[in-house]
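See structure below.
The values are calculated or read from the model by the stated rules, or taken from the named source; none is laboratory data. Keep in mind that what you see is a predicted model, and the values were worked out from it rather than measured. FYI the Cβ positions are ideal-geometry reconstructions off the backbone, even for glycines, and counts take in every protein chain you see. Just so you know, the surface numbers come from the protein's heavy atoms only, side chains and all, with ligands and any DNA or RNA stripped out. Shrake-Rupley method; radii C 1.70, N 1.55, O 1.52, S 1.80 Å.
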Amino acid sequence: MAAKMRLPMSSPPASATALVTGATSGIGRALADELTGRGYRVLGTSRDPQARHPSVHAFLRLDAADAADRKRFLQENREMLYKIDILVNNCGEGCFGDLSSHPGEAVTGAVQLLLETPLQLTRAVLPGMRSRGGGQVVFMSSLAAVFPLPYLAIYSAAKAGLSQFAAGMEMTEDADGVKFLDVQAGDFRTGFNRNMVRAGTMSAREAAAWKRLEALLESGPPAERAARAIVRAIVRNRGGQLRPGGFFQTRVAPLGARLLPRSLLLRMIRRYYRLSRA
Ligand SMILES: NC(=O)c1ccc[n+]([C@@H]2O[C@H](COP(=O)([O-])OP(=O)(O)OC[C@H]3O[C@@H](n4cnc5c(N)ncnc54)[C@H](OP(=O)(O)O)[C@@H]3O)[C@@H](O)[C@H]2O)c1
């Protein structure tokens, strides 16, 4: 039987290939740049069949919110997925507003995009990684996984599920040499707020929360900073949890979420987003 090859810690093997979902914008594009700069061969996904970016070797079309399109993607790219050394489950979009303001299909699509697709892609790359004795799966989760955001309940729920999936995989997969990295990112300045799906007309409370949320995102650090931290962890073949972002969001807020009584935490978040009732 052929000896299993472990991926080296400090530099990628000449042929190491990374697949970054959602590599056209924000953190995904910055990750593609950073990984290419470190010598990885980067494949990306986009919904746009015309997508191009210099540091992405090739783009593959995928609408991750559409179960049928994901099925096609998995079937058409089976061989390529077997060869992936690093999978970065990055693509995502928020769905802001009161739950009833979004059609049922939009709710399903958001869960497909943020949760089901990363699970299915992970399932598709694992056999190849295991056969080579190593690999890495990165999940772009969010601080929202532990610190729920108002009017982003679907997003918060999906990210919490994603982080729990990463933890569950980490517990059992170490023996195979595959690493799972749960990235609970704070706010970064990207296209995220501009691309967010929102109800046509917002109530006064929604508008107040949106204003706060958008201000936080717009004043966040650039995507390149998140990408550098994530790629450092990839190069070191690290699993576990990573919290890139500002000090308050990545240190104080998660600690508060862990230590504060739930009712107090929710009250504080409500007040912060100007949702407090008189
Ligand atoms: N920005 C932040 O503050 C922040 C914080 C925590 C976590 N995150 C997470 O980081 C990830 C990247 O977000 P970003 O801030 O870089 O946002 P972004 O600039 O809006 O980029 C989102 C990427 O996801 C792709 N995407 C969106 N919907 C898709 C769909 N239905 N199917 C396939 N691809 C889709 C887009 O590609 P196409 O349009 O080309 O298809 C785009 O490349 C997301 O998972 C987000 O939840 C972001």
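Data overview
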read-out	value
Which numbered condition Ser100 misses (of (1) at pLDDT 95 or above; (2) open to solvent by 40 Å² or more (accessible area, probe 1.4 Å))	(1)
Hits in the range 69-111 (condition: within 15 Å of the ligand (Cβ to nearest atom), of a type in the set (Val, Ile, Thr) and in contact with a Gly (Cβ under 8 Å, 6 or more places away or on another chain))	Val88
Phe59, sole failed condition from (1) assigned to a strand (DSSP E or B); (2) open to solvent by less than 30 Å² (accessible area, probe 1.4 Å); (3) farther than 29 Å from Thr201 by Cα; (4) within 13 Å of the ligand (Cβ to nearest atom)	(2)
Filtered residue count, the range 125-156, keeping only those that are under 26 Å from Val178 (Cα atoms), open to solvent by 30 Å² or more (accessible area, probe 1.4 Å) and not hydroxyl-bearing (Ser, Thr, Tyr)	4
Test: residue in the range 40-50 that is surrounded by fewer than 18 Cβ atoms within 10 Å (Cβ to Cβ) and hydrophobic (A, V, I, L, M, F, W, C)	no
Unmet requirement for Arg29, which otherwise passes all of (1) surrounded by fewer than 20 Cβ atoms within 10 Å (Cβ to Cβ); (2) within 13 Å of the ligand (Cβ to nearest atom)	(1)
Test result for Ala229, surrounded by fewer than 20 Cβ atoms within 10 Å (Cβ to Cβ) and out of contact with any Lys or Arg (no Cβ under 7 Å at 6 or more places or on another chain)	yes
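The rows are residues; the columns are (1) closer than 24 Å to Tyr40 by Cα; (2) in a helix (DSSP H, G or I).
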residue	(1), (2)
Glu224	yes, yes
Val231	yes, yes
Asn237	yes, no
Thr250	no, yes
Ala253	no, yes
Ser263	no, yes
Met268	no, yes
